[in-house]
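The values are calculated or read from the model by the stated rules, or taken from the named source; none is laboratory data. None of the values given here were measured: they were computed from a predicted structure. We place every Cβ from the backbone using ideal geometry, glycine too, and count neighbours over all the protein chains shown. These area figures cover heavy atoms from the full protein model, side chains too; ligands, DNA and RNA do not enter into them. Shrake-Rupley method; radii C 1.70, N 1.55, O 1.52, S 1.80 Å.
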Amino acid sequence: MAKTVLVINSGSSSIKYQLVDLESGEGLASGLVEKIGEPVDGHYKHEYNGEKHELEEPIHDHEQGLKRVLGFFEEYGPKLADANIVAVGHRVVQGGSLFPKPALVNDKTINAVKDLAVLAPLHNGPEAKGAEVMRALLPDVPQIFVFDSSFFFQLPKASSTYALNKEIADQYHIRRYGAHGTSHEFISSVVPEVIGKPAEGLKQIVLHIGNGASASAEISGRPVETSMGLTPLEGLMMGGRTGDIDPAVVFHLIRNAHMNVDELDALFNKRSGMMGMTGFGDLREVHRLVAEGNEDAKLALDVYVHRIVGYIGNYTAQMGGVDVITFTAGVGENDDIVRKMVCDKLAPFGVKLDEEKNAKRSKEPRVISTPDSSVIIAVIPTNEELAIARKSAAIAEAGEDTYGNKFAK
């Protein structure tokens with residue numbers, strides 16, 4: 001029987017999960033828990049074997065939610081006792097300087113993940129709690145933390161360092177950590193096979209564009225740049241986030257709008273970007289508004305594309321050229337309009353898009369540029385769950401992580 005890994009992504013008020021078949025790479029079952037700890041009824045969704053099962057009830061905390069999830073596996077399948085589950089992998093946004101590699105879940109690593117919540121306050125606490133709960137519910141299965149920031153821990157010093165007072169930066173661990181690293185690592189690792197070129201020496205740019213959006217540059221599979229920084233706020237314009245903005249805007253709003261830290265945090269992370277400019281975070285709604293002649297939506301889309309193209313130009317210069325640009329994540333995989341707008345801006349540099357291939361909807365990895373394009377343009381669906389599952393299984397099989405933590409039943 002093929003081995004499986006249960007991948008858990010715990011958010012502040014939600015849990016996403018998927019049972020991954022390590023042999024085929026497919027998700028055997030998946031689900032979502034929403035509105036944890038909220039005054040309204042929470043929502044569960046469990047999908048397996050083509051069937052969807054849903055339930056609404058108050059969900060007081062992550063423990064209640066995860067107990068119900070295990071109940072769904074028992075009731076609706078597949079039964080975890082029969083699924084040959086070898087590990088539970090927990091996605092964690094911020095590993096800071098402590099975790100350049102995945103780590104086994106134990107008291108020490110749980111506390112360290114909690115401490116790193118100062119760098120990712122919306123994510124690390126719930127992720128640590130999710131691991132804590134699952135460790136108690138499935139004590140005989142190795143639990144592994146897989147950190148979204150690990151891939152970009154390899155960044156050169158010149159791209160990971162802010163021009164901030166060194167003593168302050170060192171004392172408060174301020175550097176560019178990046179995010180979406182699991183996705184960028186997965187995509188950059190499969191690009192050579194998709195385009196039929198060797199990984200060695202390959203210069204590539206990966207555009208992970210969804211509600212959250214980030215760009216990265218890799219040479220020979222190693223990252224040399226990424227757009228997100230200390231937090232996921234830096235970089236590209238996003239669904240609700242500003243992306244790059246003059247930090248003096250913060251001082252200006254404190255002095256003139258009398259906004260406090262929490263108000264500014266919400267403004268920059270949730271009420272800006274596409275949402276702030278158009279009233280919608282969903283690009284499909286923005287395209288609808290553009291088609292109706294809405295000038296705010298047109299400007300927002302232009303800003304969105306402008307930022308992406310700017311990062312492509314920056315990274316191309318930093319690498320001394322680029323061989324392949326890959327679009328991935330929700331917008332990158334499905335939005336042919338954004339892909340065309342980006343590639344049209346790159347046309348003066350010899351980038352040629354195959355319009356028919358670009359317009360075609362597909363879940364398969366594919367090249368959408370013409371054979372004579374100066375740069376290969378690809379679309380590759382990301383699979384963070386598979387990447388997390390593989391890393392988790394490797395540590396479970398070894399019985400220990402690189403920090404000397406061992407798993408003992």
Among the residues of the range 272-293, the number that are surrounded by 14 or more Cβ atoms within 10 Å (Cβ to Cβ) and not in a helix (DSSP H, G or I) is 5
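Quick one: which of M275, M238 is within 26 Å of V342 (Cβ to Cβ) and in contact with a strand residue (DSSP E or B) (Cβ under 7 Å, 6 or more places away or on another chain)?
Among M275, M238, only M238 is within 26 Å of V342 (Cβ to Cβ) and in contact with a strand residue (DSSP E or B) (Cβ under 7 Å, 6 or more places away or on another chain).
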Hey, does the range 159-172 have a residue that's buried (at least 19 other Cβ atoms within 10 Å of the Cβ), under 22 Å from the mean Cα position of the chain (by Cα) and more than 19 Å from E400 (Cα to Cα)? no
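Residues are listed down the side, and each one gets a yes or a no for (1) touching a Leu at 6+ places or on another chain (Cβ under 8 Å); (2) open to solvent by less than 20 Å² (accessible area, probe 1.4 Å):
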site: I174; (1), (2): yes, no
site: S188; (1), (2): no, yes
site: V194; (1), (2): no, no
site: V249; (1), (2): no, no
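If you go through the range 1-56 one residue at a time, how many are of a type in the set (F, W, Y) and open to solvent by 30 Å² or more (accessible area, probe 1.4 Å)?
1
For (1) open to solvent by less than 30 Å² (accessible area, probe 1.4 Å); (2) under 27 Å from D265 (Cβ atoms), each residue gets a yes or a no:
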{"position": "P58", "(1), (2)": "no, no"}
{"position": "E75", "(1), (2)": "no, no"}
{"position": "P78", "(1), (2)": "yes, no"}
{"position": "A81", "(1), (2)": "no, no"}
{"position": "K101", "(1), (2)": "no, no"}
{"position": "V113", "(1), (2)": "yes, yes"}
Give me the pairs, please: first residue somewhere in the range 185-213 and within 20 Å of D336 (Cβ to Cβ), second residue anywhere and in a helix (DSSP H, G or I) and open to solvent by 30 Å² or more (accessible area, probe 1.4 Å), beta-carbon distance under 7 Å, and either six or more positions apart or on two chains. G210/G330; N211/G330
Unique residue being of a type in the set (A, V, I, L, M), assigned to a helix (DSSP H, G or I) and open to solvent by 40 Å² or more (accessible area, probe 1.4 Å) when the list is I245, I337: I337
For the range 248-271, which residues satisfy the criterion of being under 24 Å from the mean Cα position of the chain (by Cα) and not in a helix (DSSP H, G or I)? K270, R271
Evaluate the range 208-220: report whether one residue or more is of a type in the set (A, V, I, L, M) and part of a loop (DSSP other than H, G, I, E, B). no
Does A128 qualify as being out of contact with any strand residue (DSSP E or B) (no Cβ under 6 Å at 6 or more places or on another chain), free of Cβ contacts under 8 Å to residues at least 40 places away in the same chain, assigned to a helix (DSSP H, G or I) and open to solvent by less than 80 Å² (accessible area, probe 1.4 Å)? yes
When you look at V33, is it closer than 23 Å to A396 by Cα and part of a strand (DSSP E or B), yes or no? no
Can you tell me which residue in the range 380-409 is modelled with the lowest pLDDT, limited to those that are in contact with a Ser or Thr (Cβ under 7 Å, 6 or more places away or on another chain) and among the β-branched types (V, I, T)? T382
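Condition check ((1) under 24 Å from A387 (Cβ atoms); (2) part of a strand (DSSP E or B); (3) free of Cβ contacts under 8 Å to residues at least 60 places away in the same chain; (4) acidic (D, E)) across all residues:
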residue	(1), (2), (3), (4)
I8	yes, yes, no, no
H46	yes, yes, yes, no
E56	no, yes, yes, yes
K67	no, no, no, no
L70	yes, no, no, no
F73	yes, no, yes, no
P78	yes, no, yes, no
Output for the range 388-402, where each listed residue is open to solvent by 20 Å² or more (accessible area, probe 1.4 Å), part of a helix (DSSP H, G or I) and not hydrophobic (A, V, I, L, M, F, W, C): R390, K391, E397
Has the range 319-333 got at least one residue that is touching a residue at least 12 places away in the same chain (Cβ under 8 Å), surrounded by 13 or more Cβ atoms within 10 Å (Cβ to Cβ) and under 30 Å from N106 (Cα atoms)? no
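Taking the condition more than 30 Å from Y177 (Cβ to Cβ) and touching a helix residue (DSSP H, G or I) at 6+ places or on another chain (Cβ under 7 Å), does I59 pass?
Considered against the rule, which asks whether it is more than 30 Å from Y177 (Cβ to Cβ) and touching a helix residue (DSSP H, G or I) at 6+ places or on another chain (Cβ under 7 Å), I59 comes out as yes.
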Among all residue pairs at least 6 apart or on different chains, which show Cβ distances below 7 Å where the first residue, located in the range 231-251, is of a type in the set (S, T, N, Q) and the second is crowded, with 22+ Cβ neighbours inside 10 Å and assigned to a loop (DSSP other than H, G, I, E, B)? T231/A120
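Residues are listed down the side, and each one gets a yes or a no for (1) assigned to a loop (DSSP other than H, G, I, E, B); (2) open to solvent by less than 40 Å² (accessible area, probe 1.4 Å):
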| residue | (1), (2) |
| --- | --- |
| C343 | no, yes |
| E356 | no, no |
| S374 | yes, no |
| P381 | yes, yes |
